[in-house]
Amino acid sequence: MSDERRRPVKVGLLLPHLEGSYLGGTARWADLATLARTAEDAGFDSLWLADHLLYRIPDVPQFGVTECWSLMAALAAVTNRVELGTLVTVTPWRNPGLFAKMVDAVEEISDGRVILGLGAGSHEPEFPAFGYDSWDHKVSRFEEEIGIIHTLLRTGRIDHQGRFHTLRDCELRPRGPRPGGPPIMVGAVKPRMLRILATYADEWNLPWHQTVEELVAATPKGDEACAAAGRDPATLKKSACLQVDLPDAAAWPGHELLRSGRRRAIRGEPADVAETLRGYAAAGVSHIQVWLDPNTVDGIEWFAAVLADLDRG
């Protein structure tokens, strides 16, 4: 877009690949492909997927999620410009060596448009349901796994003997279009995860801080972690997930998980929403991921006016 350089912050769309999150039902691949193309045409900078398998939340009917890396490859093939990211890949669910090859493959399909969000996992019931016994040591596993993934993607090879994984003379061949692989993004709050973030990540994701003031209050933790690691905090980009409710959001059904965000969602006319996003940019956020409610073609087309307003600077 001709005005892209004037946009103060990148804006991405979280796609509704959770069961029951699309028009009161479940989006099929054809629906997600249509949403992805519509978002790209509307001017979104990126598309995002959650890495979850099955939600079992007290007092909420259980629901699943279409597996994100299968969708990442498919989205790479049907889009041309938008970046593609994960919020966030749970590293214990995939062998780190094979996973690095998966990332290189999607990098190839997308011609280098991946943003690699990585995390340790946040919803315990998914682990035993799918045969993973790694919840008790998930941060220790994550530290070893992100180190393996980082080394493989940045250098193309590793020889590793660790507590949880052994890789002997492992090499990525062929490589994707970016010799050093994609940027790595981590969401972190607690001290151990913040230390890992400062060691390996290019970007820090701060989800669901629905006011700029909340986000600003959280950022010193990342700065302190960088300082402790001997890193300039300015080298760590910041991104933020936000819920944005369209004017008719209340009329649409959805999970309790999604409805819960409506109490604090960003609302208003497109110019109002754009001005709110400018506030996040002024606070140092370089990329925003929005969950639209309703998350539909009409919702994306409504949000295009927000993007057009941002493009005016």
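Explain nothing, just the number: relative contact order of the range 148-289, from Cα pairs under 8 Å at least 6 residues apart, as a whole percent. Can you show the working numbers first?
Values: 172 pairs, mean separation 26.0, N = 142.
Relative contact order, the range 148-289: 18 percent.
Can you tell me the mean projection area, over all orientations, of the convex hull of the chain's alpha carbons? Units nm², please. Please list the in-between numbers first.
Numbers: hull surface 62.5 nm².
Across all orientations, the chain yields a mean hull projection of 15.6 nm².
What per residue convex hull volume, in Å³, comes out for the range 1-148 when only alpha-carbon positions are used? Please list the in-between numbers first.
Working: hull volume 19.6 nm³, N = 148.
Taking the convex hull of the Cα positions in the range 1-148, it is 133 Å³ per residue.
Long-range amide H contacts for residue 117: which residues qualify at under 5 Å (H placed 1.01 Å from N, peptide plane, sequence gap of 5 or more or a different chain)?
Close amide H contacts, sequence-distant or interchain: 86, 89, 185.
Can you give me the long-range amide H partners of residue 51? Hydrogens built in the peptide plane at 1.01 Å from N, cutoff under 5 Å, separation of 5 or more residues or another chain.
Amide H neighbours of residue 51: 87, 88.
I want to verify the translational diffusion coefficient of the range 68-111 in µm²/s; compute it with Stokes-Einstein, Rh as the Kirkwood radius over Cα pairs, at 4 °C and 1.567 mPa s. Intermediate results must be reported in sequence, preceding the final value.
On the way: Rh = 10.9 Å.
Value of D from the Cα-based Kirkwood radius: 119 µm²/s.
For residue 182, what charge total do you get from the other residues with a beta carbon under 10 Å from its beta carbon, if Lys and Arg give +1 and Asp and Glu give -1?
Numbers: positive: 113, 178; negative: 83, 104, 107, 202.
Residues near residue 182 contribute -2 overall.
Placing one identical point scatterer on every Cα of the range 97-142 and ignoring solvent, what is log10 I(q)/I(0) from the Debye formula at q = 0.16, 0.19, 0.27, 0.29 Å⁻¹?
The Cα Debye sum returns log10 ratios of -0.60, -0.74, -0.94, -0.99.
What full-extension length gain, to one decimal in nm, is calculated for residue 132 and residue 195 as 0.36 nm per residue of separation minus the Cα-Cα distance?
Working: separation 63, 0.36 × 63 = 22.68 nm, distance 2.49 nm.
That works out to 20.2 nm of additional length.
Placing unit charges on C-beta atoms (Lys and Arg positive, Asp and Glu negative, everything else neutral), compute the dipole magnitude of the chain about its Cα centre in debye, rounded to 20. Show your work: numbers first, answer last.
Details: 34 positive and 43 negative charges, 154 e Å.
With only Lys, Arg, Asp and Glu charged at Cβ, the dipole is about 740 debye.
If you place +1 on the Cβ of every Lys and Arg, -1 on the Cβ of every Asp and Glu, and leave all else neutral, what size is the dipole of the range 1-122 about its Cα centre, to the nearest 20 Debye?
It comes to approximately 140 debye.
To check you understand DSSP bridge types, tell me what percent of the beta bridges within the chain (both residues inside) are antiparallel, rounded to 5.
On the way: 8 of 44 bridges.
Expressed as a percentage, antiparallel bridges in the chain total about 20.
Please list the non-local residues whose amide H lies under 5 Å from the amide H of residue 290, H modeled 1.01 Å from N, same-chain partners needing a gap of 5 or more.
12, 13, 14, 242
Considering Cα pairs under 8 angstrom that are at least six residues apart, work out the relative contact order of the chain and quote it in whole percent.
Numbers: 568 pairs, mean separation 69.7, N = 313.
Relative contact order comes out at 22 percent.
Nearest 5 is fine: what % of DSSP beta bridges in the range 128-237 come out antiparallel, could you say? Write out the running numbers ahead of the final one.
On the way: 4 of 8 bridges.
The answer is about 50 percent antiparallel.
Once label points are set 7 Å from the Cα along Cα→Cβ at both residue 248 and residue 78, what is their separation, rounded to one decimal in nm?
2.3
Name the residue farthest towards the positive end of the dipole of the chain from the options 228, 65, 112, assuming +1 on Cβ of Lys and Arg, -1 on Cβ of Asp and Glu, about the Cα centre.
Going by the Cα projections, it comes out as 228.
How much net charge surrounds residue 102 when only other residues with a Cβ under 13 Å from its Cβ are counted (Lys, Arg +1; Asp, Glu -1)? Walk me through the intermediate numbers first.
Numbers: positive: 94, 101; negative: 51, 67, 104, 107, 108.
Surrounding charge for residue 102 is -3.
Just want to confirm a number: the relative contact order over the range 169-234, from Cα pairs under 8 angstrom separated by 6+ residues, in percent.
On the way: 51 pairs, mean separation 19.1, N = 66.
Once normalised by length, the contact order is 29 percent.
Run the count for the chain, please: Lys pairs, Cα-Cα under 21 angstrom, 8 or more apart or on different chains.
Values: 10/237; 10/238; 138/190; 190/221; 190/237; 190/238; 221/237; 221/238.
Counting lysine pairs in the chain gives 8.
Of the DSSP beta bridges with both residues in the range 2-101, give the percent that are antiparallel, rounding to the nearest 5.
Just about 35 percent of them are antiparallel.
So which residue, out of 131, 180, 85, gets the largest mean-square fluctuation from a GNM of the chain using Cα contacts under 10 Å as springs?
Result: 131 has the largest fluctuation of those listed.
Charges only on Cβ, +1 for Lys and Arg, -1 for Asp and Glu: so what's the dipole of the range 111-168 about the Cα centre, in debye to the nearest 20?
Working: 7 positive and 9 negative charges, 63 e Å.
With Lys and Arg at +1 and Asp and Glu at -1, about 300 debye.
Once phi is turned into ³J(HN,Hα) by the Karplus curve 6.51 cos²θ - 1.76 cosθ + 1.60 with θ = phi - 60°, what whole-Hz value does each residue of the range 9-24 show in order, with x for glycine and proline?
3J(HN,Hα) across the range 9-24, in whole Hz: 8, 5, 10, x, 10, 6, 7, x, 9, 7, 4, x, 9, 10, 6, x.
Every number in this text was worked out from the coordinates using simple rules, so none of it is lab data. Fair warning: this is a prediction, and the values are worked out from it, not measured in the lab. Note that we place each Cβ from the backbone using ideal geometry, even for glycine, and neighbour counts take in every protein chain shown.
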